[in-house]
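Undergrad: Questions regarding the structure given below will be posed in turn.
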Amino acid sequence: MTITIIGTGFVGVVSAAVYASLGNRVIGLDIDQNKINKLKKGQVPFFEADLEELLIEQQKAKRLTFTTSYQEAISQSEIIVIAVGTPSAPDETADLRYVMKSAESLAPYLQKDAIVAIKSTVPPGTLEKLIKKIKKQSKVKFYGASLPEFLREGSAVYDTLHPDRIVIGAQDDFVFKKLDQLYEVFKAPIVHCSVASAQMAKYTANTYLATRITFINEIANLCQKNGADIEEVINAIGLDQRIGQHYWYPGLGYGGSCFPKDVKELAAYSRTVGEEGNLMNKINEINKQRIFDLLIDFEKKVNGFADKKIAVLGLSFKPNTDDMREAPSTKVIPYLISKGASIKSYDPMANYEEFTNEKHKEHQQVANVKQAIKGADAIFLLVEWPKIVNFPFPEFKEKRPQTIFDCRNQLDPDEIKKAGYQYVGIGRS
Ligand SMILES: NC(=O)c1ccc[n+]([C@@H]2O[C@H](COP(=O)([O-])OP(=O)(O)OC[C@H]3O[C@@H](n4cnc5c(N)ncnc54)[C@H](O)[C@@H]3O)[C@@H](O)[C@H]2O)c1
């Protein structure tokens, strides 16, 4: 099959490389000339495990090419997958500008019986709008579909090659059959459903996971008040098979490129259909406020952050990615600086470009944990990168009073306290 992927961002590049590895001819299309130039040279503009190798391999096999030309890509494609960004608009609804723009650009070159599938996360009603837009410029018969994406950054290539399920939202048997052909090689369950159900499934999955995180954070707040330890509570509840041990992450709140945006967008969508005060709206508000409530609390534990030297460990929103979209560090570092602290930060991959020492002399990014914590009054462990959590903090305890804010509950509190640090975890005393 010949497939065009529109938008060679995170999802687009991963999908393009994986679809090519299945033997398809894939064209990655983007309006960003710099990105396309890099990709043509086999360079991935962000870090994702195993991706660059796969990309180069598929380019060498001549199954994968990149272009900025809609005409070149669309005029030879049977399947067109839209994977452009859908950031939140100022009113927190999904900003569909890029999706609609791509519809406009592809329409003149569409081939008969082509399938135009939206992989970007979009609310119900979007595919219908997209089809209408294309029909204004194209007279050929084509089909629409929804193909929501469930991959996780940090294990995106693996997830795409080993999906838990494929969800196809469509109206026509032709679309189901053709997309089944593309995906049957994965041997994963393929869910056929309506377009609206597919779009809701994507928002529901992310909002459910965000809800779990918010829920356990609220329980952690209660543990903090009564001496219970959230990790012991998780262990106890997790043995209940209805609940499970997995996916409990007490911390500063969920971040990343998807959860905050998707919950916000589902909350905003809820408001447009008359469901103003629903759970999604509450979760969004609780999560937005949480990090600042905790920072105020932490501030009291060290008698203010003014003139304090602080190490921030972990800048990305989670390990194994350099993605900093809605990462805790992007809130913690500006907050600490606004309170008069000076910061040395370390991350194995991510660069906090907007907040480096060139632009903010109070923030210096350093090369390792040791350099970051040298002379620190307080240490913020924000991300559970192995290089951070496996660091022998007790061996580096200095004579001065030092506090470790273990924002991911990764360290052994007894060991840390024994070494002489003040230990502050989440929902544990
Ligand atoms: N990142 C994830 O982990 C993830 C997971 C599942 C779903 N999603 C969803 O997938 C979509 C894409 O996310 P992403 O993280 O890959 O976004 P991204 O911002 O990394 O990439 C979007 C790309 O689209 C390109 N683009 C914008 N307008 C274009 C146009 N008119 N024509 C061609 N290219 C255009 C941009 O230049 C950019 O390269 C979003 O809807 C997101 O919610 C993301």
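The values are calculated or read from the model by the stated rules, or taken from the named source; none is laboratory data. Being a predicted model, the structure only gives us computed values, none of them experimental. Neighbour counts run over all protein chains shown; Cβ positions are idealised from the backbone, glycine included. Note: areas computed on protein heavy atoms with side chains; ligands, DNA, RNA excluded. Shrake-Rupley method; radii C 1.70, N 1.55, O 1.52, S 1.80 Å.
Undergrad: Among the residues of segment 62-80 satisfying the criterion of being hydrophobic (A, V, I, L, M, F, W, C) and assigned to a helix (DSSP H, G or I), which is nearest to L127 (Cα to Cα)? I'd like the intermediate steps shown before the answer.
TA: Let us first name the residues in segment 62-80 that are hydrophobic (A, V, I, L, M, F, W, C), namely 64, 66, 73-74, 79-80.
Still in the list and also assigned to a helix (DSSP H, G or I): 73-74.
Details: A73: 21, I74: 18 Å.
Step by step, filter segment 62-80, then rank; the result is I74.
A quick yes/no check of all residues on (1) in contact (Cβ under 8 Å) with a residue 60 or more places away in the chain; (2) in the same structural domain as V81 (by TED's automatic domain parsing); (3) touching a strand residue (DSSP E or B) at 6+ places or on another chain (Cβ under 7 Å); (4) open to solvent by less than 50 Å² (accessible area, probe 1.4 Å):
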position: V167; (1), (2), (3), (4): no, yes, yes, yes
position: H192; (1), (2), (3), (4): no, no, yes, no
position: N221; (1), (2), (3), (4): yes, no, no, no
position: D229; (1), (2), (3), (4): yes, no, no, yes
position: Q241; (1), (2), (3), (4): no, no, no, no
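Undergrad: In this structure, is Q410 polar (S, T, N, Q) and over 23 Å from T330 (Cα atoms)?
TA: No; evaluated as a whole, the condition is false for this residue.
Undergrad: Are any of the residues in segment 288-300 under 24 Å from R152 (Cβ atoms), in a loop (DSSP other than H, G, I, E, B) and not hydrophobic (A, V, I, L, M, F, W, C)?
TA: no
Undergrad: Hey, can you tell me all the residues within segment 34-50 that are within 22 Å of the chain's Cα centre (by Cα), away from the ligand (no atom under 12 Å from the Cβ) and open to solvent by less than 60 Å² (accessible area, probe 1.4 Å)?
TA: If the condition is that a residue be within 22 Å of the chain's Cα centre (by Cα), away from the ligand (no atom under 12 Å from the Cβ) and open to solvent by less than 60 Å² (accessible area, probe 1.4 Å), then A49 is the only one that fits.
Undergrad: Continuing with the same structure: Out of curiosity, is E395 farther than 16 Å from V332 by Cα, surrounded by 13 or more Cβ atoms within 10 Å (Cβ to Cβ) and assigned by TED's automatic domain parsing to the domain that holds D297? Spell out the reasoning first.
TA: On the way: farther than 16 Å from V332 by Cα: yes; surrounded by 13 or more Cβ atoms within 10 Å (Cβ to Cβ): no; assigned by TED's automatic domain parsing to the domain that holds D297: yes.
No, not satisfied.
Undergrad: In segment 152-266, which helices (runs of 4 or more DSSP H) lie fully inside it and hold 1 or more residues that are modelled with pLDDT of 95 or more and closer than 28 Å to D412 by Cβ?
TA: Values: elements: 156-161, 173-183, 195-226, 230-238.
Passing ranges, in order: 195-226, 230-238.
Undergrad: So which of T67, T86 ends up being out of contact with any Gly (no Cβ under 9 Å at 6 or more places or on another chain) and touching a residue at least 24 places away in the same chain (Cβ under 8 Å)?
TA: T86
Undergrad: State whether one or more residues within segment 65-79 are within 26 Å of F317 (Cα to Cα) and of a type outside the set (S, T, N, Q).
TA: Checked against the condition, which is being within 26 Å of F317 (Cα to Cα) and of a type outside the set (S, T, N, Q), segment 65-79 yields no hits at all.
Undergrad: When the residues of segment 398-426 are filtered to those that are crowded, with 20+ Cβ neighbours inside 10 Å and among the charged types (D, E, K, R), which remaining residue is farthest from the chain's Cα centre (by Cα)?
TA: D406
Undergrad: Look at segment 8-33 and say how many of its residues are open to solvent by 10 Å² or more (accessible area, probe 1.4 Å), near the ligand (Cβ under 8 Å from one of its atoms) and within 21 Å of E153 (Cα to Cα).
TA: Final tally of qualifying residues: 4.
Undergrad: If a residue must be away from the ligand (no atom under 11 Å from the Cβ), under 14 Å from I131 (Cα atoms) and either outside the structural domain of K35 (by TED's automatic domain parsing) or not in a loop (DSSP other than H, G, I, E, B) (or both), how many such residues does segment 81-117 contain?
TA: Residues flagged as away from the ligand (no atom under 11 Å from the Cβ), under 14 Å from I131 (Cα atoms) and either outside the structural domain of K35 (by TED's automatic domain parsing) or not in a loop (DSSP other than H, G, I, E, B) (or both) within segment 81-117 amount to 6.
Undergrad: Which members of segment 249-259 meet the condition of being open to solvent by less than 10 Å² (accessible area, probe 1.4 Å) and more than 9 Å from the ligand (Cβ to nearest atom)?
TA: Those that are open to solvent by less than 10 Å² (accessible area, probe 1.4 Å) and more than 9 Å from the ligand (Cβ to nearest atom): P250, G251.
Undergrad: A further question follows. So the check is Cβ under 7 Å with 6+ separation or different chains; which pairs have a first residue in segment 124-151 that's open to solvent by less than 30 Å² (accessible area, probe 1.4 Å) and a second one that's of a type in the set (S, T, Y) and part of a loop (DSSP other than H, G, I, E, B)?
TA: Listed pairs, sorted by first residue: P148/T121.
Undergrad: Going by what's in this entry, would E92 be described as crowded, with 17+ Cβ neighbours inside 10 Å and out of contact with any strand residue (DSSP E or B) (no Cβ under 9 Å at 6 or more places or on another chain)?
TA: yes
Undergrad: Taking interchain pairs and intrachain pairs at least six residues apart, which have beta carbon atoms under 7 angstrom, with the first residue in segment 255-273 and not assigned by TED's automatic domain parsing to the domain that holds L96 and the second open to solvent by 30 Å² or more (accessible area, probe 1.4 Å) and among the small types (G, A, S)?
TA: Taking only residues 6 or more apart or on different chains, the pairs are K261/S88; K264/S88; E265/S88.
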